[in-house]
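The values are calculated or read from the model by the stated rules, or taken from the named source; none is laboratory data. It should be emphasised that the depicted structure is a prediction, and the values quoted were computed from it without experimental measurement. As a convention, Cβ positions derive from the backbone with ideal geometry for all residues, glycine included, and neighbour counts pool all protein chains shown.
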Amino acid sequence: MLTFVQQTTDERSSRGNDGNMLDLQSIHSQVSPYRRHIWLVAAPKSGSTWLGAMLLDALKWPRVPLLEWYDRREQEVDPRMLLQHPNEDIFTPHQHTRASQPTINIINLFRIIPIVLVRNVFDTVISLYDHLHKEANIIPWGYFDEPFYTFDKEKQLSAIIDLCVPWFFNFYVSWYKSGVNGLCNLHWATYEELTDDPFNCVKDVLEFAGISKTDDEIAGAVGIEQGSETEKTRKNVGIKGRGESTLNEEQQARIRKYAEYYPDVDFSRMGL
């Protein structure tokens, strides 16, 4: 019989990203124990570039990505990046990383504050379709090359559902379980909350992280959405409900079926 094992706190904090305690502890010894670190962990196409830009403006902290390369690779944490600005508070922008025990170890050891941003999964599919046509085809969640662009739109949407949506569920469930099982203390935010009320979305993140900012400072950060910054934040069409109005019933049913494999998970943040 399969036994499900949950590591103890001591075990979680003592092992490195690859099980090498010495390397991770060596990095930890070089970082100030008083450094604050907020990490925006995001599902794809969830508005993370926009939220990240507002948080960066509000915090005025150095921007430190936790990986050096992107491309098609999984965006796992590179602990060496934690040595940047070892004595200053830092902000890590959007990164599409699933929760795993090594990642949780790093979060707890370095007292990182994870902000997990997600979006309605039906709308995510449409936004990713737009991304593949307007921005780039090189992404970590599915392999798309020339043949994909010869398909009609319905088949392209089905390809995204079959190849990428399982990754979205993996991402969501991994963080959901980490939270409910007490493996780390995280804050949830959604694309819908972000677009409906960006001021309070940013304010809630800062309050969760214990960062004191005035309403004027937050309003100023939210204001970077305007003018020349709009293009920088890559804020796309952002119309809620596009997924359910565009995907056919069979495609929507395929997406909903993934949730059936996790009867103990609340998928309301994903629109399910």
> Does region 227-271 hold any residues that are over 14 Å from VAL125 (Cα atoms), modelled with pLDDT of 95 or more and part of a loop (DSSP other than H, G, I, E, B), and which are they?
Replying inline: TYR261, TYR262, PRO263, ASP264, VAL265, ASP266, PHE267
>> Can you pull out every residue in region 251-272 that is closer than 19 Å to ILE160 by Cβ and under 17 Å from the mean Cα position of the chain (by Cα)?
In response: PHE267, MET270, GLY271
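Would it be correct to say that GLU68 is surrounded by fewer than 22 Cβ atoms within 10 Å (Cβ to Cβ) and more than 24 Å from ASN248 (Cβ to Cβ)?
yes
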>> So for region 192-206 (the condition being buried (at least 20 other Cβ atoms within 10 Å of the Cβ) and either in contact with a Gly (Cβ under 6 Å, 6 or more places away or on another chain) or over 17 Å from LEU56 (Cβ atoms) (or both)), does at least one residue qualify?
In response: yes
>> Looking at region 202-224, I want the residues that are assigned to a helix (DSSP H, G or I) and aliphatic (A, V, I, L, M) and have a partner that is modelled with pLDDT of 95 or more and surrounded by fewer than 16 Cβ atoms within 10 Å (Cβ to Cβ) with Cβ atoms under 7 Å, at least 6 apart or on another chain. Which pairs are those?
In response: ILE218/PHE199; ALA219/PHE199; VAL222/PHE199
>> Taking the condition of being of a type outside the set (Phe, Trp, Tyr), closer than 14 Å to PRO198 by Cα and out of contact with any strand residue (DSSP E or B) (no Cβ under 7 Å at 6 or more places or on another chain), how many residues in region 48-62 meet it?
In response: 4
> So which residues in region 51-76 are at pLDDT below 95 and hydrophobic (A, V, I, L, M, F, W, C)?
Replying inline: LEU67, TRP69
> Which of the residues that make up region 129-184 are polar (S, T, N, Q), free of Cβ contacts under 8 Å to residues at least 40 places away in the same chain and not in a helix (DSSP H, G or I)?
Replying inline: ASN137
